[in-house]
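The values are calculated or read from the model by the stated rules, or taken from the named source; none is laboratory data. Here the structure is a predicted model, which means the values were calculated and not measured. Backbone-built Cβ (ideal geometry, glycine too); neighbour counts: all protein chains shown. Each accessible area value is taken on the protein alone, full model and side chains, heavy atoms only, with ligands, DNA and RNA left out. Shrake-Rupley method; radii C 1.70, N 1.55, O 1.52, S 1.80 Å.
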Amino acid sequence: MAGRYDPNPFDEDEVNPFSDGGAGGKARGQSRFGGGSFYTTTAGSVPPVTNSRLSPLPPEPADFYNPTAPYDIPLDSASDLKMKERELQAKEAELKKREQEVRRREEAAARAGIVLEDKNWPPFFPIIHHDIANEIPIHLQKLQYVTFTTLLGLTFTLFWNLIAVTAAWIKLGDPKIWFLAVIYFISGVPGAYVLWYRPLYRAFRTESAVKFSWFFLFYLLHIGFCIFAAVAPPIVFKGKSLAGILPAVDIIGNHAIVGVFYFIGFGLFCLESVLSLWVIQQVYLYFRGSGKADEMKREAARGALRAAI
C-alpha cells in the first residue's frame with residue numbers, strides 16, 4: 001500500500017535550464033511513467049521548428065501604389081513649340097477671315113431684302129419654312145393659323161376627292177376622271193402654298209401691301225374653285241372628276257358606296273369654302289384697318305405714273 005505522503009506521479013522534477021548539467025543532464029519534462037518523455041531538449045537549446053511558409057513575392061517598386069508619383073514626360077523642344085504656335089495662329093486667322101466673309105454676305109443679303117429661311121416643316125421631312133409663333137405678330141397669329149388650316153383642309157379634301165374618283169373609276173371604268181383627280185391633287189396643294197399661303201405669311205411678317213394684293217387675287221380663285229367643286233357641274237372639268245353634289249346624286253342610285261364617298265367629298269368642299277370665306281373677310285378687315293389699302297393705292301398710282309413717263 002502506498003504511503004500517505006507519496007509524491008505525485010504527474011509532478012515534474014524541477015530542472016534548472018541554466019545549470020551546468022551539460023548535454024548529459026536530466027531531460028526536461030521527463031515522465032514518471034517508464035522514463036519516457038514527451039519532448040526532450042537540452043539546456044539552452046531551441047526545439048526544432050518546421051518551415052512551412054511560402055516563398056516571398058518579389059518586391060514592388062517604391063511608388064507602385066502612389067497615385068501622385070511623378071512621371072517622366074518628354075518635353076518638346078523650343079523649335080517644336082514655336083512651330084505649333086505658328087500653326088495655331090494661321091488657323092485662327094483663317095477662321096476669322098471666314099467669319100468676316102459670312103458676316104459680310106449676311107449683311108449684303110439683309111440690305112437687299114433677302115431673308116434666309118431654313119426648312120423646318122414638316123418635322124419628319126422638312127420641305128418648307130414655317131414658324132408662325134416666332135415670325136408672325138402675336139395679334140395676327142390666330143388668323144395665320146386658321147389660314148394654315150385651310151391649306152391643310154384643301155390638301156385633305158383633294159386627297160379624299162382622289163379616293164372617291166378612284167372608287168368611281170373602278171366601278172364605272174373611266175380612267176380619264178382618275179387622271180384629272182391626280183392632276184388636281186399634285187398641282188392644287190403646292191399651287192395653294194405658293195400662290196396664296198406664302199404671300200399672306202410674308203405679308204403679315206413684313207407688312208407688304210403688294211403681298212396682300214397677291215394673296216387676295218389668288219385666294220379668291222381658291223374660293224371659287226372650292227365652290228365649283230362642291231357643285232361639280234359637268235362643264236369645264238369632267239363632271240365626275242370632282243366629288244360634288246351633282247355627281248353624288250347621279251352615282252348613288254347605281255353604286256351606293258361610291259355615292260357616299262362623293263357626298264363626303266361634297267361636305268369637305270363646302271366646309272373648305274365656308275372657312276376660306278371667313279379668312280378672306282378677316283384679312284380684308286385687317287388690311288383696311290391697318291392703312292395698307294391706301295398704301296397700295298399710292299403704290300399703284302406711282303407705278304402708273306412711272307409707266308406713263
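Just one of 90, 133, 108 is within 22 Å of residue 194 (Cα to Cα) and among the hydrophobic types (A, V, I, L, M, F, W, C); which is it?
133
Any idea which of 230, 304, 308 is within 24 Å of residue 216 (Cβ to Cβ) and modelled with pLDDT under 80?
Step by step, each of 230, 304, 308 is checked, and only 304 is within 24 Å of residue 216 (Cβ to Cβ) and modelled with pLDDT under 80.
Return the residue satisfying two criteria in turn: it lies in the range 141-200 and is open to solvent by 40 Å² or more (accessible area, probe 1.4 Å) and among the small types (Gly, Ala, Ser), and of such residues it is modelled with the lowest pLDDT.
Looking at residues that are open to solvent by 40 Å² or more (accessible area, probe 1.4 Å) and among the small types (Gly, Ala, Ser), I get 173.
Among the residues of the range 131-150, how many are in a loop (DSSP other than H, G, I, E, B) and touching a residue at least 60 places away in the same chain (Cβ under 8 Å)?
The qualifying residues number 2.
Which of the residues spanning the range 204-262 are surrounded by 18 or more Cβ atoms within 10 Å (Cβ to Cβ), touching a Leu at 6+ places or on another chain (Cβ under 8 Å), of a type in the set (A, V, I, L, M) and free of Cβ contacts under 8 Å to residues at least 40 places away in the same chain?
232 - this is the single residue of the range 204-262 that is surrounded by 18 or more Cβ atoms within 10 Å (Cβ to Cβ), touching a Leu at 6+ places or on another chain (Cβ under 8 Å), of a type in the set (A, V, I, L, M) and free of Cβ contacts under 8 Å to residues at least 40 places away in the same chain.
Just need a number here: residues in the range 68-123 that are at pLDDT below 85, farther than 30 Å from residue 202 by Cα and among the acidic types (Asp, Glu).
Counting residues in the range 68-123 that are at pLDDT below 85, farther than 30 Å from residue 202 by Cα and among the acidic types (Asp, Glu) gives 3.
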